[in-house]
1. Figure the gain on full extension for Arg110 and Phe42 (residue separation times 0.36 nm, minus the Cα-Cα span) and round it to one decimal in nm.
2. Tell me, in nm to one decimal, what length is gained between Glu18 and Glu57 on full extension, where the rule is 0.36 nm per residue of separation less the Cα-Cα distance?
3. What does the net charge come to around Ala14 if you take all other residues with beta carbon closer than 9 Å to its beta carbon, with K and R at +1 and D and E at -1?
4. Label 7 Å along Cα→Cβ of Asp133; segment 76-116 residues with amide nitrogen under 12 Å?
5. For the pair Asn30/Cys90, report the inter-label distance in nm, with labels modelled 7 Å from Cα in the Cβ direction.
6. Mean residue ellipticity at 222 nm from the helices of the chain, using -39,500 (n - 2.57) per DSSP H segment of n ≥ 4 over the full residue count, to the nearest 500 deg cm²/dmol?
7. How big is the Rg/Rh ratio for segment 70-161, C-alpha atoms only, Rh by Kirkwood, two decimals?
8. How much net charge surrounds Tyr97 when only other residues with a Cβ under 12 Å from its Cβ are counted (Lys, Arg +1; Asp, Glu -1)?
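Every number here is computed from the coordinates shown, using simple stated rules; none is lab data. Keep in mind that what you see is a predicted model, and the values were worked out from it rather than measured. Cβ placement follows ideal geometry from the backbone for every residue including glycine, while neighbour counts extend to all protein chains displayed.
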Amino acid sequence: MSVSTDGQICYGVAFPEEWEFPWMGDEYSNDIHDWWRTVCGFKPPFEIFNDKEEWIEPRPSDEKVEEYWDVMRKFDKEHPVPEVELVNYCSCNSPMYIIAVKSSYRYNSRGYPEAFSPSDLTVTDKDRDSLLDFIGKYCMDGGEKDELEIEPKWYLSSYWG
């Protein structure tokens, strides 16, 4: 008996095992959105959580909480995360990542086949250039560069999560 995995396809750059991306680790809780807010200089107008991500005491009013999230949503809309997708091409216990053009990423959960047309798998020169620009600016200091091939490709991979 075998274990099946989820299928995925994307256009991007495959990074070797244990590559460290700037949004990974305790500071950003492995959340590219939290990291991107910092890159773009976001500072909340006030705090509603402490360092342990618990409500500050006394707990802010519902109006203050809503104001906090409104400010963050507005900032996120004005400073969107670049159009990249972080694709785990291994498993949740041993992650290995492809940084991909967001619009190129397709996945499917095991047991639910989905038809698609290969002609729908397109990437523009602008998409490719944006991907390479993002990788060049933010992803090159995470490991041994001699293990990395920077030329984007189409990857068919699986994820065991």
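1. Residue separation times 0.36 nm, minus the Cα-Cα distance, leaves 20.6 nm.
2. Here the answer is 10.2 nm.
3. Residues near Ala14 contribute 0 overall.
4. Answer for this model: 82-83.
5. Those two pseudo-labels are separated by 1.2 nm.
6. -7500 deg cm²/dmol, from helical runs alone.
7. 1.00
8. Summing Lys and Arg as +1 and Asp and Glu as -1 gives -4.
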